[in-house]
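Here's the structure, in structure tokens; my notes come after.
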There are 2 protein chains.
Amino acid sequence: MPKDPVTRNDVAEYAGVSTAVVSYVVNEGPRKVAPQTRERVLDAIRALGYRPNATARALRMGTTRTFGLITPDGGNPLFAELAKAIDREAAARGYVVLQTSADGDPLTERAKIAELLTRQVSGLLLVAPTADPSLAGVEVPVIAINRVLPTVSSVRPAYREGARLGVEHLISHGHRRIGLVIGGAGHPERELGWRDALEAAGLAEGPIARATFSREGGYRAAQTLLESQPTAIFASSDLQAIGVLRALHEAGVDVPGDVAVAAFDGTPETEYAWPPLTVVRQPVEQLAREAVRRLIEGEESVDALTVPTELILRRSCGC
Amino acid sequence: MPKDPVTRNDVAEYAGVSTAVVSYVVNEGPRKVAPQTRERVLDAIRALGYRPNATARALRMGTTRTFGLITPDGGNPLFAELAKAIDREAAARGYVVLQTSADGDPLTERAKIAELLTRQVSGLLLVAPTADPSLAGVEVPVIAINRVLPTVSSVRPAYREGARLGVEHLISHGHRRIGLVIGGAGHPERELGWRDALEAAGLAEGPIARATFSREGGYRAAQTLLESQPTAIFASSDLQAIGVLRALHEAGVDVPGDVAVAAFDGTPETEYAWPPLTVVRQPVEQLAREAVRRLIEGEESVDALTVPTELILRRSCGC
DNA sequence: CCGACGCTAGCAACCGCTTTCCACGGCGGT
DNA sequence: ACCGCCGTGGAAAGCGGTTGCTAGCGTCGG
């Protein structure tokens with residue numbers, strides 16, 4: 001009984017056939033193998049505990065059936081959810097995903113991309129990548145998620161329309177002074193949606209606070225926002241909304257009584273916030289599915305897919 | 001300018017040397033290369049945009065420098081945090097990690113393990129694996145995280161002592177009737193810690209509610225727990241604690257005024273819960289570091305490492 | 001002046017698998 | 001009886017690297 005890795009040679013020898021036949025059997029390919037031979041080979045495989053070596057196969061075939069996934073932060077619930085959905089989608093198609101975080105740093109991102117390319121990934125999924133992730137000389141398909149880049153195809157939620165929907169809902173509750181917590185530069189769409197809604201309702205522009213996409217950022221942003229006494233706040237991400245909620249609690253402001261809150265993203269965390277958050281939900285599964293599909297099927301031209309969002313009404317808006 | 005993948009052959013030809021020399025240069029190995037030749041090769045590499053093929057190297061070397069990581073649920077913030085820490089730790093040592101979820105299903109877990117082995121991972125990290133993940137015939141090092149298994153080494157937080165610490169703190173606030181929200185079978189340690197603390201203080205055993213490790217589970221558990229009117233609740237996971245908080249809010253119970261709450265895990269989410277949760281923090285970075293170190297350095301015997309936890313005092317306990 | 005040694009660089013085998021091409025035996029058709 | 005074809009299995013050429021061994025050659029000591 002061979003101790004170290006059992007190779008196809010061992011199987012061939014054990015079954016008394018050539019290595020080619022083992023391949024034919026394993027791959028169930030177009031090649032025909034006599035049923036009797038086939039059984040002998042299968043027996044040998046079972047007896048020896050043979051596991052085909054995907055590395056060798058990849059070298060020969062020229063494809064690893066592996067995707068690289070880079071997020072700014074694997075700890076962010078939204079990205080974790082996205083990664084999970086992508087993993088499920090990829091697994092269903094026989095792919096596996098190398099997932100890693102870039103910590104929001106362009107240099108790290110670049111290094112990670114290089115590492116993944118070295119590993120011969122069959123495709124690259126970039127979640128909210130830096131503006132210019134230097135994709136020159138990349139010969140595998142790349143798809144950007146939640147951000148559109150000039151040179152590669154992308155898939156993202158309907159940020160602008162979604163934000164507009166959320167803010168419109170706040171307006172429908174009678175709010176006329178609606179603050180916005182938004183991320184740094186490079187993500188203008190949600191802000192535009194907010195403006196769209198305000199303009200359409202003929203309202204004056206509300207106060208804006210810029211912050212990082214984090215609970216901490218939302219917390220601080222809300223504190224400054226409070227100075228201009230909005231009656232409602234729209235946060236451009238869950239994390240920020242959670243921070244907003246905390247700031248409001250600490251200030252003794254009642255939600256939604258004194259100030260209503262709604263947010264973009266809609267990760268599970270928001271359902272259990274207090275009060276439960278009204279959110280514009282990112283279509284995570286769909287984003288994942290479309291991204292993976294595009295990677296596998298290969299786009300010819302670069303295009304940007306926008307997936308509709310869903311407004312989920314909970315308590316924080318006053319519903 | 002070659003369009004398709006630039007191989008070492010192209011570089012060799014371009015630089016006018018043999019392929020072996022290219023290897024010597026790339027690997028900065030013990031083999032000596034004349035500085036001048038070396039420069040020529042480096043120039044060629046730059047000019048051609050050559051990227052060594054890790055697949056081929058892995059085949060030749062017999063190691064992929066890749067780890068497989070299986071969690072029950074990539075969407076769980078604790079596991080996401082762990083995965084991130086593991087990724088960072090692995091990346092620092094030149095490894096890359098294939099991360100996937102088993103959805104808490106033993107069959108899926110088994111299938112994922114097989115897939116990863118086929119991919120020739122250099123080691124396997126199993127987070128909170130099923131009781132018997134059928135590891136027969138696995139020739140790579142395996143390490144279990146957050147659960148001890150009979151046949152493999154493991155790394156986990158001091159569940160029992162940590163839980164005891166948390167409950168003792170609750171007791172120090174004067175609570176005498178302390179409920180417990182615990183997961184299903186197979187995770188007895190936190191329950192034991194809770195008992196330890198109660199016994200040491202000479203208190204009667206408090207009410208227990210079993211639930212899945214989820215917000216939903218904690219929510220329901222708290223509802224039943226409330227019937228026996230505890231003055232404090234210890235939740236064995238963050239997620240459950242979040243659910244507990246919601247149940248308490250809905251029941252109009254003041255936290256920590258009427259009922260104090262503390263939990264095990266301590267993911268960032270708890271800091272922004274309302275009120276902020278007192279938690280026993282899992283030493284996530286350390287767990288990750290130790291797990292990766294063991295995988296790389298290779299254990300000779302199976303052993304179980306316990307890493308101490310940290311009590312983080314916030315508002316939910318009454319501090 | 002010659003031989004030996006040390007420094008470089010090249011040859012070629014091999015990692016495990018896929019796939020093309022070929023060999024061979026038996027069968028049916030003419 | 002012969003030819004060709006079909007059904008099956010085997011030999012071998014790579015995929016892109018690494019590395020032990022060898023060869024060329026300049027230099028230095030005797």
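All of the numbers you see were taken from the coordinates with simple rules; none came from a lab. Not measured: the values here are computed from a predicted model. Positions of Cβ are backbone-derived with ideal geometry, glycine not excepted, and every protein chain shown enters the neighbour counts.
Of note:
- Extension gain from A:GLU13 to A:ALA114, taking 0.36 nm per residue of separation minus the Cα-Cα distance: 32.3 nm
- Between the helical axis of A:215-226 and the longest alpha-carbon principal axis of chain A there is an angle of about 20 degrees.
- For B:GLU299, the label point sits 7 Å beyond Cα toward Cβ; its separations from the matching points on the remaining copies run 4.6 nm, from shortest to longest.
- Listed peptides A:213-222, B:180-189 by packing density, highest first (mean Cβ within 10 Å): A:213-222, B:180-189
- Spatially, the range B:185-226 and the range A:193-246 are offset by 39 Å when compared through their Cα centroids.
- Highest-MSF residue in chain A out of A:PRO30, A:PRO256, A:PRO141 [GNM, Cα springs under 10 Å]: A:PRO30
- Kirkwood's formula applied to the C-alpha pairs of the range A:99-174 gives a hydrodynamic radius of 14.1 angstrom.
- Label spacing, shortest first and in nm, from B:GLU28 to its equivalents in the remaining copies (7 angstrom along Cα→Cβ): 4.7
- Distances in nm from B:HIS187 to the matching label points in the other copies, shortest first (labels 7 Å along Cα to Cβ): 3.0
- Segments B:293-303, A:146-156 sorted - mean Cβ within 10 Å per residue, highest first: A:146-156, B:293-303
- In terms of packing, defined here as the mean over residues of other Cβ atoms within 10 angstrom, the peptides A:190-199, A:264-273 line up highest first as A:264-273, A:190-199.
- Set of the range A:144-159 residues, backbone N closer than 12 Å to the point 7 Å along the Cα-Cβ line of A:VAL302: A:144, A:148-154
- Rg ratio for the range B:184-296: its Cα radius of gyration over 2.2 N^0.38 Å, N being its residue count, equals 1.14.
- Once you divide the Cα radius of gyration of the range A:1-104 by 2.2 N^0.38 Å, the number left is 1.47.
- Contact order, relative form, for chain A: 15 percent (alpha carbon pairs under 8 Å, 6 or more residues apart, mean separation divided by residue count).
- Mean separation of Cα contacts under 8 Å (6+ apart) over length of the range A:228-296, as relative contact order %: 29
- Diffusion coefficient of chain B by Stokes-Einstein, Kirkwood radius over Cα pairs, 20 °C, 1.002 mPa s: 97 µm²/s.
- Helix-only CD estimate at 222 nm, as mean residue ellipticity for chain B, using -39500 (n - 2.57) per DSSP H run (n ≥ 4): -13000 deg cm²/dmol
- Computed over chain A with a Gaussian network model linking Cα atoms closer than 10 Å, the most mobile of A:ILE208, A:ILE145, A:ILE70 is A:ILE208.
- Since only A:GLY206, A:LEU59, A:SER122 are under comparison, the one whose Cα sits farthest along the positive direction of the charge dipole of chain A, derived from C-beta charges on Lys, Arg, Asp and Glu, is A:LEU59.
- With contacts taken as Cα pairs under 8 Å and at least 6 residues apart, the range B:119-163 reaches a relative contact order of 32 percent.
- From the alpha carbon centroid of the range B:277-319 to that of the range A:95-130 is 28 Å.
- Cα-based convex hull, the range B:26-167, per residue volume (Å³, whole number): 168
- Check: the protein assembly as shown dipole with +1 on Lys, Arg Cβ and -1 on Asp, Glu Cβ, in debye: 1660
- Helix A:159-172 axis, angle to chain A major axis (alpha carbon atoms, nearest 10°): 40
- The mean count of C-beta atoms from other chains within 10 Å of the C-beta of residues in A:46-56, rounded to a whole number, is 4.
- Annotation: Cα Rg of the protein assembly as shown relative to the compact-globule expectation 2.2 N^0.38 Å equals 1.07.
- Tilt relative to chain A, helix A:284-297 - C-alpha long axis, 0 to 90 degrees, to 10: 40
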